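Engineer: First, the structure itself, so that you have it in front of you.
The values are calculated or read from the model by the stated rules, or taken from the named source; none is laboratory data. All of these numbers come straight from a predicted model, not from anything done at the bench. Cβ placement follows ideal geometry from the backbone for every residue including glycine, while neighbour counts extend to all protein chains displayed.
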Amino acid sequence: MAELTYRDAVARGIAQEMARDERVVLIGEDVAGAGGVFKTTVGLLERFGPRRVVDTPISEQAILGAVMGAAMTGLRPIAEIMFGDFFAVCWDIIANQIAKTRYMTDGQVSLPLVIKTGNGAGLRFGAQHSQAVENWAMAIPGLKVVVPSTPRDVVGLMAAAVRSDDPVLVFEAKGLYPTKGDVEDGEIVDALGTARIVRQGRDATILALGLMVPRALTAAEHLAARGIDAEVIDVRSLMPLDARTILESVAKTGRLFTVEENPRVLGWGAEIASIVAEEGFWGLDGPIQRITTPHIPLPSADSLEDLVLPSADVVAATVEKALQASRRSDGGGSSRTGEVEEDQLAAMVGAIAHTLLRGVRLQCPATDIEVTSGEHAVVIRDAHNLTCEAIVRRLAVLDGGVGSSTTVIGIDGLVNALITSDGVRLSAAADARLDLAALAKLVT
């Protein structure tokens, strides 16, 4: 185990993959002799030589054109674009060429390449050198996008990116370069498309990315001192996105907050909010809230940059205010972890049927669920031990279906299944299990 800075972890991750595979090469401005403008490639030239660690002219288009050609002809190149802001200079190559080559060649040509870049604010570089642009890349089909927040994740996600047969953009949080963390010895390889719960909680889910992760964790500690137990998820990978981990957390806590360094309009949190609204709506106890940088160019003055970026204090205050308002509106609220007695649930059956199932009668004793619609009826035994998919499939076998307007909603807060005469349409987690307490919560 060693303690590394975030910037040193970048060099370690690249070195690990270069030592493993001689096809891995690194090119970019000042990545060789100078060890990178942010000192993230120190020592690589000395270890691997000038044929594999190559300085380039100041031309982002030349750098990406070179790595695209290298990837097409058998290498696994890593390109450094010094600032994420400079993607605007070479966006055609990224969005129209690199992202689409595999599709447009019907899989005959793959591009196993990595583009790494310093991203975001925190170093007072001003409007043209401080933008968080990970949401730009997230919007382009054909690209994978990761944003590590710890030295350990830098190594593991860089390795996963290099080993991917698709183009991967690795956004390094510039504001985290000097931060330190423990990194175990030996090879580290992470998985793309995986989020990580970095703090368990039951009252609210806070999603964060890159520079915002340590701020979200600090906010969670502030909230804990005020009696609010927040769960913090490091999203880590925007594409592929680990929607399951997010949806499961929201089903548990009932509230969702995103903490985003990018400007508010079309930020990554907006996409996640839409997914949760569509697939996890019935698990929510209140509106989704996004905490973002305003839709403005970033100032270079330190006091102004600090003012516009989401801070731990702002995150904590936003979450606390939202949960207090929710508790006032429901007369104090009830814990999502509490037990619901069977007689209490039976008393709610009429309300559930009337408000959620549009006239379908639902009976929920401990071991039976009976659904009746017109002349069609089915009894499902031991429903609380069945997966949602199994429940819906059993309902679907009814002769003639149960009517096009019948909806089974919100089992465990994760499933929205529409049963029609044409079949069953499921969304979200099909293996979520029936939770009578969560179902009852919908009408309390």
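Engineer: Find the residue count for segment 203-240, including only residues that are under 18 Å from Ala273 (Cβ atoms), more than 8 Å from the chain's Cα centre (by Cα) and of a type in the set (S, T, N, Q).
Structural biologist: Here the count works out to 1.
Engineer: Check every one of the strands (runs of 3 or more DSSP E) wholly within segment 160-279 and list those with 1 or more residues that are touching an Asp or Glu at 6+ places or on another chain (Cβ under 9 Å) and over 17 Å from Asn135 (Cβ atoms).
Structural biologist: Of the strands (runs of 3 or more DSSP E) lying wholly inside segment 160-279, those with at least 1 residues that are touching an Asp or Glu at 6+ places or on another chain (Cβ under 9 Å) and over 17 Å from Asn135 (Cβ atoms) span 180-183, 196-199, 204-208, 230-234.
Engineer: Let me ask something else about it. Identify, please: which residue in segment 192-215 is closer than 30 Å to Val162 by Cα and in contact with a helix residue (DSSP H, G or I) (Cβ under 6 Å, 6 or more places away or on another chain) and is, among those, surrounded by the fewest Cβ atoms within 10 Å (Cβ to Cβ)?
Structural biologist: Arg199
Engineer: Could you tell me which of the residues Ile81, Ile94 is of a type outside the set (D, E, K, R) and part of a strand (DSSP E or B)?
Structural biologist: Ile81 is the lone residue from the list that is of a type outside the set (D, E, K, R) and part of a strand (DSSP E or B).
Engineer: Among Ile27, Ile63, which is under 24 Å from Asp8 (Cα atoms), in a helix (DSSP H, G or I), in contact (Cβ under 8 Å) with a residue 24 or more places away in the chain and in contact with an Asp or Glu (Cβ under 9 Å, 6 or more places away or on another chain)?
Structural biologist: Going through Ile27, Ile63 in turn, just one is under 24 Å from Asp8 (Cα atoms), in a helix (DSSP H, G or I), in contact (Cβ under 8 Å) with a residue 24 or more places away in the chain and in contact with an Asp or Glu (Cβ under 9 Å, 6 or more places away or on another chain): Ile63.
Engineer: Return yes when Arg76 is in contact with a helix residue (DSSP H, G or I) (Cβ under 8 Å, 6 or more places away or on another chain) and farther than 19 Å from Ala99 by Cβ and no when it is not.
Structural biologist: No.
Engineer: For segment 40-53, how many residues are surrounded by fewer than 17 Cβ atoms within 10 Å (Cβ to Cβ), over 32 Å from the mean Cα position of the chain (by Cα) and not in a helix (DSSP H, G or I)?
Structural biologist: 4
Engineer: Could you list, in sequence order, all residues of segment 108-126 that are surrounded by fewer than 20 Cβ atoms within 10 Å (Cβ to Cβ) and either in contact with a Ser or Thr (Cβ under 6 Å, 6 or more places away or on another chain) or modelled with pLDDT of 95 or more (or both)?
Structural biologist: Gln108, Val109, Ser110, Arg124, Gly126
Engineer: Being over 30 Å from the mean Cα position of the chain (by Cα), surrounded by fewer than 19 Cβ atoms within 10 Å (Cβ to Cβ) and of a type outside the set (A, V, I, L, M, F, W, C) is the filter here; which residues of segment 7-39 pass it?
Structural biologist: Result: Glu22, Arg23, Asp30, Gly33.
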